[in-house]
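One structure is given below, encoded as C-alpha cells.
No value in this document is a laboratory result; all are computed from the given coordinates. None of these values were measured; they are calculated from a predicted model. Neighbour counts are summed over all protein chains in view; Cβ atoms, including those assigned to glycine, are modelled from backbone coordinates with ideal geometry.
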Amino acid sequence: MTRFQSVGRRTKSQAIGPAYWAATMATGILATDAMDQGIEWLSHLLLALAGAWYLIVAIAVVGIAIRSPRRLWELLVTPATAFGFLTFVTATSVLGAGVDALGWPDVPLALWLVGSTAWCLLTYRLAVTLTLASWEAIWSSVSGSWLLTVVETQALVVLGASLDAHDHSAVLAVACTSLWFCGLAFYGAIVLLILARILLRATRPEEVTPDYWICMGALAITSLAGIHLLQVPHPPALAAASFVVGLTLAAWVVGTAWIPWLVGMELWRLRHDASTRNYEVQRWSTIFPLGMYGAATFGLGADLRLPALEAIGHAVFWIGLGCWALVAVATARSLSGTLPWRR
C-alpha cells in the first residue's frame with residue numbers, strides 16, 4: 001500500500017514514516033506522567049527519548065518528501081492515509097509541554113507556533129480532501145485514527161495553556177479557548193461516523209485496530225486540556241469556565257466508559273484474529289491513550305482533591321509504562337527486520 005505506515009491502516013512495511021510520531025506522543029505523555037508522579041529522572045529520560053525519536057521521524061519524512069514528493073502528496077489527499085500526518089501536530093505539542101516543564105519557555109513557544117501552523121495546513125487540507133472524496137472512499141476509511149483531529153487540537157490547548165500561565169497572553173487565551181471547543185465539536189461529529197460504521201454492519205476481527213483506543217484517548221486529552229484551560233487567567237477563558245468545568249468532567253466520564261468496550265474488543269480480536277499477536281505500528285495508538293488517561297485522571301484527582309482518582313492515575317501510568325516498554329522493544333525488533341512476536 002505504501003512504504004511508510006499510516007495510523008489509519010495496517011501494513012507490513014518496516015519503513016519509518018509519519019505514523020511513528022505516535023511513538024513520540026506516547027513517550028512524551030508518559031514523561032509528563034512521570035513528572036506528575038515525582039519521578040524526575042524517568043521523566044527526563046523519556047522526554048529525551050521522545051525528542052530523539054521526533055527528530056528521527058522528521059528526518060525520515062523529509063527524506064521521503066525529497067525522494068518521492070508525488071507519493072507524499074497522494075498520501076496527503078487520500079482519506080485512508082491523510083489522518084496519519086496529524087500525529088506530527090500532537091507529537092510537537094506533547095514534546096513542547098514536556099520541555100516547558102523544564103523551564104525553557106522559548107522552545108515550547110516555538111513548538112506551539114510550529115504545531116499551530118501545521119494544524120492549520122493539515123486540518124484544512126484534510127477538510128478539502130474529505131469534501132472532494134467520494135462517500136465510498138470516506139466510509140471505507142473511517143476508523144479511530146480520524147479522532148487524531150481531536151487529539152491534535154487539544155494537544156495545542158494543553159501546550160498553549162501552559163505557556164499562557166507564564167506569559168499571560170490574551171492571544172493564547174483566545175486561541176486555546178477556541179481550539180478546546182473546536183476539539184469538542186470534532187469529537188461529536190467524528191465519533192458518530194465511527195459508531196455508525198461499527199453498528200450498521202458486522203465488524204470483522206481484523207477491523208478492530210488498535211487506533212480505536214483513540215476514542216478514549218481523545219476524551220482523555222480533552223479532559224486534560226480542560227484542566228489546563230481552567231488555569232488560564234484571561235477573560236476569554238474565564239468567561240467559558242462554567243462550561244469547561246462540566247464538559248471536562250463529562251469528557252473524563254465518557255472516556256472512562258469507553259475502556260471496558262475497548263478491552264472487550266481487544267480480547268475478542270485476540271481470540272479470532274491470530275495477527276493480533278504480531279507487531280503493528282498502530283499499537284502506539286493504544287499506548288498514548290493509556291498515558292493520556294493516566295495524566296488526565298491524576299490531574300482531575302488533584303484538582304478535585306480526590307485521592308482515589310490520583311491513585312487510579314498512578315496505577316494507569318505504570319500500566320502504560322509497561323505496555324510502552326513492550327511496544328518499544330517490538331518496534332526496535334521490527335525495524336531491525338525481525339518479527340517481535342511469532343505465531
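Applying a 10 Å radius around every beta-carbon, put 308-317, 178-187, 127-136, 100-109 in order of their mean neighbour count, most first.
178-187, 308-317, 100-109, 127-136
Could you give me the ³J(HN,Hα) list for segment 111-122, computed from phi with Karplus coefficients 6.51, -1.76, 1.60 and θ = phi - 60°, whole Hz, x at Gly and Pro?
In residue order, the calculated couplings are 5, 5, 5, 5, x, 5, 5, 5, 4, 4, 5, 6 Hz.
Just the Cα atoms of segment 195-331, one point each, no solvent: what log10 I(q)/I(0) does Debye give at q = 0.10, 0.16, 0.19 Å⁻¹?
-0.39, -0.87, -1.09
Can you give the direction-averaged projected area of the convex hull of the alpha-carbon atoms in segment 18-335, in nm²?
Reported value for the Cα convex hull: 15.8 nm².
Over the Cα atoms, compute the radius of gyration (one decimal) and Dmax (the largest Cα-Cα distance, rounded to a whole number) for segment 186-228, in Å.
Expressed in Å, the Cα Rg and Dmax of segment 186-228 come to 12.5, 40.
Across bins of 10 angstrom width beginning at 0, how are the C-alpha pair distances of segment 96-162 distributed, in whole percent?
With 10 Å bins starting at 0, P(r) equals 19, 40, 24, 13, 3.
With θ set to phi - 60°, apply the Karplus curve 6.51 cos²θ - 1.76 cosθ + 1.60 along segment 307-312 and write out the HN-Hα couplings as whole Hz, x wherever there is a Gly or Pro.
Values per residue, Gly and Pro as x: x, 5, 5, 4, 5, 5 Hz.
Which order results if TRP258, TRP146, TRP73 are arranged by neighbouring Cβ count within 10 Å, fewest first?
Fewest-to-most Cβ neighbours within 10 Å comes out as TRP73, TRP258, TRP146.
Mind ranking 58-66, 297-305, 89-97, 197-205 by how tightly packed they are, going by the mean number of other C-beta atoms within 10 angstrom, highest first?
The densest-packed peptide leads the list: 89-97, 297-305, 58-66, 197-205.
Quick one: helix 87-100 against the long Cα principal axis of the chain, what's the angle to the nearest 10°, folded into 0 to 90?
40
Mind giving me the FRET efficiency for THR123 and HIS44? R0 is 41 Å, r the Cβ-Cβ distance, nearest 0.05 is fine.
That pair, THR123 with HIS44, gives E of 0.80.
Could you work out how much longer the chain between ALA60 and GLU136 gets when fully extended? Use 0.36 nm per residue separation minus the Cα distance between them, nm to one decimal.
Gain on stretching ALA60 to GLU136: 24.2 nm.
Output ³J(HN,Hα) for segment 58-66: one whole-Hz value per residue in order, computed from phi by the Karplus curve 6.51 cos²θ - 1.76 cosθ + 1.60 with θ = phi - 60°, and x for Gly and Pro.
Listing the rounded values in order: 4, 5, 5, 5, 4, x, 5, 4, 6 Hz.
Say R0 is 22 Å: what FRET efficiency, to the nearest 0.05, do HIS314 and GLN231 get from their beta-carbon distance?
0.55
Arranged by the count of other C-beta atoms within 10 angstrom, fewest first, what order do ILE221, ILE190 take?
If I rank by nearby Cβ atoms, fewest first, I get ILE190, ILE221.
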